[in-house]
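The values are calculated or read from the model by the stated rules, or taken from the named source; none is laboratory data. Please read these numbers as outputs of a predicted model, since none were measured by experiment. Positions of Cβ are backbone-derived with ideal geometry, glycine not excepted, and every protein chain shown enters the neighbour counts. Areas reflect the complete protein model, heavy atoms only, side chains present, ligands, DNA and RNA absent. Shrake-Rupley method; radii C 1.70, N 1.55, O 1.52, S 1.80 Å.
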Amino acid sequence: MGELLKRYGLVSTAVVGLVVGLVAWGLGAPDLAFWAWAAGTAPVVVALAISIAQALLAGRMGVDAVAFVSMSAALAFGEPLAGVVVAIMYTGGNVLEDIAVARAERDLRALVDRAPRIAHRRTGDVVEDVPIEAIAVGDRVLVRAGEVVPVDGAVVDTGALIDESALTGEALPVTRRPGEDVRSGTVNVGGTFEMRATATAGESTYAGIIRLVTAAQTAKAPFIRIADRWALLLLPVTLVLAGAAWAWSGDPIRALAVLVASTPCPLILAAPVAFIAGVSQAARHGILVKGGGALEALARTATVMFDKTGTLTVGGARLVAIETAPGESADDVLRLAASLEQASHHVVASAIMAAAAERGLALTLPSEVRENLGSGLEGRVGPHLLRVGSPAMVFGTVRPPDWAVRALRRASWRSALAVFVLVDGRPAGALLLADELRKETPRAIQMLRSTGIARIMMVTGDRADAAETIGAALDLDGVLADRSPSDKVDAVVTEQRLAPTLMVGDGINDAPALAAAGVGIAMGARGASASSQAADVVILVDRLDRVSQAVAVARRARGIAVQSIVVGMALSGVAMLAAAFGWLTPVAGALVQEAIDVAVILNALRALTPGRAAGFRRPMPSAAARDLREDHARLERNLDGLRTLADALDDADPARAVALIGEAHRMVTEHVVAHERDDEVSVYPRLTRFLADNHGLAAMSRAHREIQHLARLLGRLADGLRPEDVDRYLIRDAQRVIEAIEALVRIHNAQEEDIYEHAVAA
C-alpha cells in the first residue's frame with residue numbers, strides 16, 4: 001500500500017507541476033513556470049535515484065537508469081518542461097501498470113474475497129451460526145439458497161443445485177444427488193439443502209485454493225530480469241547516440257531529446273503486464289499459476305512427463321466388464337455383489353457400488369456378513385448366500401469352470417482385477433475392475449503436441465506391462481515403469497538437463513518430482529494435497545486437457561510480451577534517431593514516448609483474452625456438448641449389454657443362441673442405429689454452425705454408414721433364424737458382427753467427443 005501511495009503521490013506532484021507551470025506561462029510569468037516544472041520533476045528524480053542506489057547495492061542495474069539520466073539532464077540543461085513531461089510519462093506508466101495488474105489480478109482476488117466465514121451447523125433441531133473453523137468432520141451443515149458452500153461435504157436427504165463456475169469454469173449449474181460430494185467454494189443456486197461435512201475448513205477444497213492463490217502473487221519472471229540486463233546495453237547505446245548528436249550538431253538540446261525519447265518504458269511495462277494477464281487468463285479456466293515466473297518457465301517447456309495413475313488414468317478401480325456364467329444376468333450379478341459390498345469399506349467395494357448406482361440398480365441390505373481381509377466377503381442378500389472375492393476364495397482348490405478361466409485370461413489382458421461372485425454355491429459371474437484412461441487423455445496428448453511440445457513421456461511406479469500398454473495406446477515417446485518417488489526425481493532431473501521439462505502428477509508421491517522439474521503441474525482438483533503445494537501450477541478442474549491449455553496460455557502471454565518489447569523498443573529507437581537529427585524536440589520526444597507506452601500496455605493486455613484458433617466459428621454452448629456426451633454415456637450402457645450378449649453366445653445351446661442374437665439385433669436397431677440416425681439428421685447439422693471446416697463430420701458420416709451396414713448384416717442373421725439353423729460357424733459370425741459394431745461405435749463416440757470439445761473451445 002505504501003509503494004502504491006508513493007507512486008500516486010509522485011505522478012500527482014508531476015501533474016500539478018506541469019499544470020501550474022502552464023498556467024504561469026500563459027499569464028506571462030516564465031520564471032514561475034520554470035520553477036513549477038522543476039519542482040514537479042525533482043521529487044521523481046530523487047525517488048528514482050534512491051531506487052537505483054538500492055538496486056546497485058543489491059548488485060543489479062535496472063532499466064530505470066535511462067529515465068533518471070533523461071530527467072536529470074533536462075534539469076541540468078534548463079529544460080524543466082521536458083523533464084516534467086518525462087516525469088509524468090514515467091510515473092504515469094507505473095500507475096498504468098498498477099491499473100493493468102489490478103485488472104489482470106481481479107479473477108484471482110475474487111477467489112479470496114468470496115471465501116465463506118460462517119457456517120450453519122445443525123445439532124438436532126437447532127441450527128446455529130458458527131465460524132467455519134468450528135465445523136468438524138461429520139457435522140450436519142445447512143446451506144441456504146445463494147450461499148457459498150463452506151466446507152467439503154456430502155449431500156444429505158434432498159438433492160442440490162450447485163454453481164461450480166468459480167472452481168471449474170463450467171457456466172451451468174450441476175445437480176448433486178443425495179450421497180454425492182459438494183466442494184467448498186461452490187454456490188448453492190437451488191433451494192436450501194443439508195450436507196454432512198467430510199473435511200474441516202482447513203482441509204477443504206476452497207481453503208487449499210486460497211492458500212495457493214496467496215502463493216500466486218505476481219513474481220518477477222526470469223524474462224523480466226532479462227529486461228534489466230538489457231538495460232546494461234541500452235544505457236551506453238543511448239549515451240553514445242546522445243553524445244554523437246551533441247557533437248555533430250553542437251546543440252546539447254539534441255542530446256537531451258535523444259535521452260527523453262529513449263526512456264525504456266516498453267521494456268519496463270510489457271513483460272509484467274503480459275505475464276500477469278496470462279496468469280489471470282489461466283485462472284478463468286481453472287488453472288492456478290503461481291506467478292509470472294512459473295508462467296514464463298511453462299512457456300519454455302519442451303518436454304512433458306506424466307505420472308500414470310490419477311493423471312493419465314482416472315485413478316482407482318473402475319468396473320470395465322462383467323463376465324457371467326451361462327444363463328446368468330450381468331445386472332443380477334452386479335446387484336447382488338454391490339448389495340453385499342455395502343458392508344465393506346474397501347476401495348473395490350466402493351467401485352462396485354458406484355457401478356451399480358450408475359446402472360440404477362436397487363440394492364438390498366446384507367446380513368450375516370463376514371469379511372476375509374485381503375480376499376473378499378461372505379454373507380446373505382435376501383434369500384441368497386453370497387461369496388464375493390478373489391478366485392482363491394470363491395473356487396478354493398477346485399479348477400474354475402471354462403467361462404471363469406476365460407474371464408481370468410481377459411482380466412490379465414486388460415491388467416484388471418477379477419472379483420468373482422458365488423451365489424448359493426454356484427459361480428455366477430466375475431466383475432473385472434481396472435484403472436482406465438481418462439476419456440480426454442488422447443486429445444490432451446494431441447493438443448500438447450500441437451502446442452509444440454517435442455517429447456512426451458510417462459514415469460510411473462506401476463508395473464511395466466500396464467504402463468507400456470498405456471504408452472503404446474497414447475504413442476508416447478518414452479515409458480519409465482517401476483519407478484519409486486526418488487527414481488521419478490532422478491528421471492525428471494535427467495530430462496531437465498536436456499531440455500526445459502514439465503512434470504504432471506496428482507499424488508503425494510509425485511510431490512518431489514514436481515518440485516524437481518522446471519515446472520510442476522498438479523492435478524489438484526481438491527486443492528490441498530502435498531503435490532499441489534509443491535507444484536508451480538495447479539489444475540483446479542479434473543480435466544487433463546487443461547495442461548495443454550496452460551502451455552498454450554503461457555506461450556501466448558510470452559509471445560505478446562516479446563512482441564510488445566520488440567515493437568515498443570523499435571519505435572523508441574526510431575524516436576531516438578528522429579531526435580538525434582533534430583526532428584523531435586525534448587517535449588515532443590516525451591509525448592511520442594508516452595504514446596508508445598500506452599500502446600505497449602494495451603497490447604500486453606491482449607494476454608487477458610483467450611485468442612481464437614483459426615478454422616472455428618463461434619463456440620458451441622457447453623450445455624449442448626454435455627447433452628451430447630450424456631447421450632453417449634447412455635449408449636455406452638447398451639454397448640456393454642452387446643458385449644455381454646456376444647460373450648454369452650460362447651456356451652449357448654441353439655435355442656438360447658437364437659434368443660441372444662435376436663436380442664442383440666433389437667438393441668442395435670433400437671439404440672445404436674437410432675442414435676446414429678439422430679446424429680446424422682439432427683446433431684451434425686447443428687454442429688456445422690460451430691465448425692468452419694466440416695471435413696471431420698464427413699468422416700463421421702462415413703462411420704455412420706459402416707455401422708448401419710453392420711446392423712443390416714446382423715439383421716439378416718437374426719431374421720427368421722431357427723434353432724435348427726444354428727451351428728458353431730453361425731455363432732462365430734454373429735459374435736464377429738456384434739463385436740465389430742460395439743468396437744466401431746466406441747471409437748466413433750470418442751472421435752465425436754473430440755469434435756464436441758473443439759467446438760466448445762472455438
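Structure summary
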| item | result |
| --- | --- |
| Gain on full stretching of the segment that runs from residue 51 to residue 678 - 0.36 nm per residue minus C-alpha separation | 218.9 nm |
| Nearest-0.05 FRET efficiency for residue 602 and residue 22, computed from C-beta distance (R0 45 Å) | 0.95 |
| Distance from region 468-522 to region 532-589 (C-alpha centre basis), Å | 30 Å |
| Summed residue charge, Cβ within 11 Å of residue 563's Cβ, Lys/Arg positive, Asp/Glu negative | +3 |
| Gain in span if fully extended, residue 725 to residue 630, counting 0.36 nm per residue against the direct Cα distance | 30.2 nm |
| For residue 70, net neighbour charge (Lys/Arg +1, Asp/Glu -1) across residues whose Cβ lies under 15 Å away | -3 |
| Neighbourhood charge, 14 Å Cβ-Cβ cut-off, centred on residue 398 and excluding it, Lys, Arg +1 and Asp, Glu -1 | +2 |
| Estimated FRET transfer efficiency when R0 is 30 angstrom, pair residue 497-residue 415 (beta carbons, to 0.05) | 0.40 |
| Accessible area of region 429-469 belonging to carbon and sulfur atoms, whole % at 1.4 Å probe | 51 percent |
